[in-house]
Amino acid sequence: MPRRRVAPWGYAGIVVVVGISLVPTIYMVDLSFRTTATSFQPVLVAAHPTLINYFTVLTSGHLIRFFLNSAVVAVSSVLLTLVCSVMAGFAITRLKVVGRSVVFYWILSALLIPLASLLIPLTILLKTLHGMNTYWGLIGPYTALGIPFAMLIIKGVMDSFPSELEEAAVLDGASPPQVLRQIIVPIIWPSLMVVAIWQFLFSWNEFFLALVVMTRTSMKTMPLLPLYFEGSYMTNPGEVFAVLSIVSVVPMVVYLLVQRWFVSGLSSGGIKG
Amino acid sequence: MAFVQLAKVWKMFGQFIAVQDFNLEIEEGEFIVIVGPSGCGKTTILRMVAGLEEISRGEIYIGGKKVNDMPAWERDIAMVFQNYALYPHMNVYDNMAFGLRNRKVPAAEIRRRVHEAARLLSIDSLLDHKPKALSGGQQQRVALGRAIVREPRVFLMDEPLSNLDARIRLQMRVELARLQQRLGVTTIYVTHDQVEAMTMGQRIVVMRAGVVQQIDTPMGLYERPTNRFVAGFIGMLPMNFFDVLLEQAEGNLLLKGDGFSFPAPSSLLPDKIKGQENAFVLGIRPEDIVFDAELTQQHPEWVCRVEVEVVEPLGEETLIYFPLGAKSVTARLTGRTVPKPKEMVSVVFNLSHAHLFEREAG
Ligand SMILES: Nc1ncnc2c1ncn2[C@@H]1O[C@H](COP(=O)(O)OP(=O)(O)OP(=O)(O)O)[C@@H](O)[C@H]1O
Ligand SMILES: [Mg+2]
């Protein structure tokens, strides 16, 4: 994509919008550097920052464990979502399966259901299936809830994908699984990364279901960590905000790692006319 | 048995008949061109041969073997798509090597074949490029190269030159024909351009709305079109058509049209015309309406005095347009005599090269 010049007032506008939307983040990070005494000062950036909160949090023993749990759950659910939705997208857009559009809209309809309304049925189901306090207890529901959105994106790109590319590959002797692996996946890679980030953010940040499913401390995930530092009357908010800062660093890093796929114009070219 | 055979092939999309009772036998090494206007089913036929489209009815044989139920990836056919369909995420080398890798050809052999094809098509300096960094003509060569390296049993080409500008198209037309002769691979080539069809095909299949009109050599189509559609489709300039009545007069058969009346030479009258019917369409090509002293002497009855309306001198030939009855007629004169507009001239209608068609047939 050609870089377009942005007018000076355009820059000003961007700076203002970014500035406003950064306020909560700055405040969160800033609070994590405050002591109990300075916590409630009504300024955006307080004087005398301290690392004491981070020290407390890092040495509490929960952080590493929760972090690993979160990583296992989020990464697994991202991978599972990708695999399932790519294969389903392929079947729904390419194979002449009877009732494929019915299946597609049925899956999509899950987007209409808020997670909160699923909480109780899911908990009962997981109890029956012995899924409480297991990784599967979160990976399963997260994946199932992520697939509709992933399907929406992936079906969209697969529909706009020139079918001649696949046909050329088929004539070149590639069987359907090879076409999927060697042609489709590399070409729709940027969209897959969008799905991956979305799913990662969702499974990394999800709080409600994790709270209900993971009752054993050793199984809890990162969003539950702040609960351990609230104290009884929010006596030291600095610790809570240190936890929150750590929790939110991960998605930022992940985004930075994969964002180059968003801008690569990989799918353009090769098709003329 | 022919190398590729399509026997009574039909293709239906729901109620719509895209291809109707298609029969064709292709010898090994032959260059067949399928030509016809847009939407007549040309691509559909290629896709059925390739195995990308199911055959609704009939059979297709390749190398003596029925392939109706053989999946496309086992058919060993290479196709050049109209939009080239190069893999955008692979460079030129990998684009060409892809099919060979899938067929487990040894790496050294792949390298040899890709480089050889690249040299043949003069794209050897582009092997590291991604498709989007190539011009249309280069992409087209890569698409061809991808087909060549496979050394397939059959080449299918779907209007491969239609995206190129006129000059490169001319050049590629010659190169393609030469390449096919050299490789000797049986080829089915689809185009809607009659010049491409005439210049490249050993035999040409003319189609219209899913129905084969005629299968013949280029000269056969030109000299003996079976109906008005083929006659109008083949040839550089559109044929002139006149509604005529065939009448008996003084023991002679007369062709009576709007503004003229010619005695009909017997060569013009195929057997089927001897019946009751007397309303026909006379077709005569612009190049068969000429200034020709010798022909004028032989057949003074074919001469017409006409007033020239428009003149288009093209150098080695001149097109003139003149009214005859209510029709505007095109004549293509060779030589350097260029008449002027409004001039009265005598032209000879060379009826020995004219054609009579039934009225209702197109
Ligand atoms: N998948 C399909 N579903 C329904 N109709 C189709 C389908 N594919 C082709 N057709 C119809 O079949 C007819 C023949 O199509 P085809 O693509 O073979 O034409 P063509 O001769 O290749 O035309 P062109 O010169 O424009 O490429 C067209 O009328 C088209 O609308
Ligand atoms: Mg076509």
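The values are calculated or read from the model by the stated rules, or taken from the named source; none is laboratory data. If you're wondering where the values come from, they're calculated on a predicted model, not measured in any experiment. Neighbour counts run over all protein chains shown; Cβ positions are idealised from the backbone, glycine included. SASA here: full protein model, heavy atoms, side chains in, ligands and nucleic acids out. Shrake-Rupley method; radii C 1.70, N 1.55, O 1.52, S 1.80 Å.
Accessible area per residue of the stretch B:4-233 at 1.4 Å probe, in Å²? Provide the component values of the computation, followed by the final result.
Working: 9450 Å² over 230 residues.
Here the residues of the stretch B:4-233 average 41 Å² of exposed surface.
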(message) Give the average, rounded to an integer, of partner chain Cβ atoms located within 10 angstrom of each Cβ in A:186-195.
(response) 1
(message) Among A:47-53, A:12-18, A:140-146, how do they line up by average Cβ neighbours within 10 Å per residue, starting with the highest?
(response) A:140-146, A:47-53, A:12-18
(request) Once you have the Cα-Cα distance between A:Leu22 and A:Trp106, take 0.36 nm times their residue separation minus that, and quote the gain in nm to one decimal. (result) 26.4 nm
(message) With a 1.4 Å probe and all protein chains kept in place, how do A:Ser32, A:Ser101 rank by accessible area, largest first?
(response) A:Ser101, A:Ser32
(message) With unit charges on the beta carbons (Lys and Arg positive, Asp and Glu negative) and the dipole taken about the Cα centre of chain A, which residue among A:Cys84, A:Ser160, A:Leu227 sits farthest to the positive side?
(response) A:Ser160
(request) Show B:Phe22, A:Phe67 ordered by accessible area, largest first, where the area counts protein heavy atoms only and the probe is 1.4 Å. (result) A:Phe67, B:Phe22
(request) Calculate the mean, over all residues of peptide B:72-80, of how many other protein chain Cβ atoms lie within 10 angstrom of the residue's Cβ. (result) 4
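I'd like the mean, over residues of B:86-95, of how many other protein chain beta carbons sit within 10 Å of each residue's own Cβ.
Mean number of neighbouring Cβ atoms from other chains: 5.
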(message) How tilted is helix A:62-93 with respect to the longest principal axis of chain A? Cα atoms for both, answer in degrees (0 to 90, nearest 10).
(response) 20
(request) Would you mind listing how long chain A runs along its three principal axes, going by Cα atoms, in whole Å with the largest first? (result) 72, 61, 30
(message) Could you work out how much longer the chain between A:Leu201 and A:Ile113 gets when fully extended? Use 0.36 nm per residue separation minus the Cα distance between them, nm to one decimal.
(response) 29.8 nm
(request) Provide the solvent-accessible area of A:Ile20, counting protein heavy atoms only and rolling a 1.4 Å probe, rounded to the nearest 10 Å². (result) 120
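Rank by packing, highest mean first: peptides A:200-207, B:67-74, with packing defined as the count of other Cβ atoms within 10 Å averaged across residues. It would help to have the intermediate numbers written out before the result.
Values: A:200-207: 19.5, B:67-74: 15.2.
For the peptides A:200-207, B:67-74, the packing ranking is A:200-207, B:67-74.
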(message) What is the angle, in °, between the Cα long axis of helix A:237-263 and the longest principal axis of the Cα atoms in chain A? Nearest 10 is fine, range 0 to 90.
(response) 20
(message) Interface size between chain A and chain B, please: total buried accessible area, 1.4 Å probe, rounded to the nearest 100 Å².
(response) 2400
(message) Once you place label points 7 Å from the Cα toward the Cβ at A:Ile124 and B:Gln181, how far apart are they in nm?
(response) 8.1
(message) Just to make sure I understand: if all protein chains stay in place, what is the order of A:Cys84, B:Cys304 by accessible area at 1.4 Å, largest first?
(response) A:Cys84, B:Cys304
(message) Using only the alpha-carbon atoms, how far is helix B:136-149 inclined from the longest principal axis of chain B? Give it as 0 to 90 degrees, nearest 10.
(response) 60
(message) So, for chain A, what is the accessible surface per residue at a probe of 1.4 Å, expressed in square angstrom?
(response) 55
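Could you check how much of the accessible area of the stretch B:4-233 is carbon and sulfur, as a whole percent, using a 1.4 Å probe?
Working: 4470 of 9450 Å².
After summing per-atom areas, the C and S share lands at 47 percent.
How high is the FRET efficiency from B:Lys327 to B:Glu27, r the C-beta distance, R0 45 Å, rounded to 0.05?
On the way: r = 43 Å, r/R0 = 0.94.
Here the calculated transfer efficiency is 0.60.
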(message) Straight-line reach only, C-alpha to C-alpha below 30 angstrom: list the lysines that A:Lys96 could link to, leaving out same-chain residues fewer than 8 apart.
(response) A:Lys155, A:Lys272, B:Lys8, B:Lys11, B:Lys42, B:Lys65, B:Lys66, B:Lys104
(message) Below 8 Å, C-alpha to C-alpha, sequence gap of six or more: please give me the relative contact order for chain A in percent.
(response) 31
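Please work out whether the stretch A:8-54 counts as rounded, prolate or oblate from its C-alpha gyration tensor, where a ≥ b ≥ c are the square roots of the eigenvalues and a/c under 1.5 means rounded, while otherwise a/b larger than b/c means prolate and anything else oblate? Provide the component values of the computation, followed by the final result.
Values: a/c = 3.68, a/b = 2.97, b/c = 1.24.
Here the stretch A:8-54 falls in the prolate category.
Using the Kirkwood radius over C-alpha pairs as Rh, can you work out the diffusion coefficient of the stretch B:192-328 via Stokes-Einstein at 25 °C, viscosity 0.890 mPa s, in µm² per second? All intermediate terms of the calculation are to be shown ahead of the outcome.
On the way: Rh = 17.1 Å.
Reported coefficient: 144 µm²/s.
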(request) Before anything else, pin down the relative contact order of chain B: Cα pairs under 8 Å, at least 6 apart, normalised by residue count, whole percent. (result) 15
(request) Express as a percent, rounded to the nearest 5, the fraction of DSSP beta bridges in the protein assembly as shown (both residues included) that run antiparallel. (result) 75
(request) Give the shape of the stretch B:291-338 as rounded, prolate or oblate, defined through the alpha-carbon gyration tensor: a ≥ b ≥ c are the square roots of its eigenvalues, a/c under 1.5 means rounded, and otherwise the shape is prolate if a/b is larger than b/c and oblate if not. (result) oblate
(message) Working only with C-alpha atoms, what are the Rg and Dmax values of the stretch B:4-233, expressed in angstrom?
(response) 17.6, 55
(request) Pull up all non-local amide H partners of B:Met157: gap of 5 or more, or a different chain, and H-to-H distance under 5 Å with H placed in the peptide plane. (result) B:Val80, B:Ile188, B:Tyr189, B:Val190
(request) Would you mind classifying the stretch A:1-150 by shape? Square roots of the alpha carbon gyration tensor eigenvalues, ordered a ≥ b ≥ c; an a/c under 1.5 is rounded, otherwise it is prolate if a/b is larger than b/c and oblate if not. (result) oblate
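Cα convex hull of the stretch B:127-167: mean projected area in nm², to one decimal?
Numbers: hull surface 14.0 nm².
Spelled out: convex hull of the Cα atoms, projected over all directions, averaged, 3.5 nm².
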(request) Evaluate E = 1/(1 + (r/R0)^6) for B:Ala166 and A:Val15, where r is the Cβ-Cβ distance and R0 equals 56 Å; express this FRET efficiency to the nearest 0.05. (result) 0.60
(request) Jot down the per residue volume, in cubic angstrom and as a whole number, of the convex hull over the alpha-carbon atoms of the protein assembly as shown. (result) 260
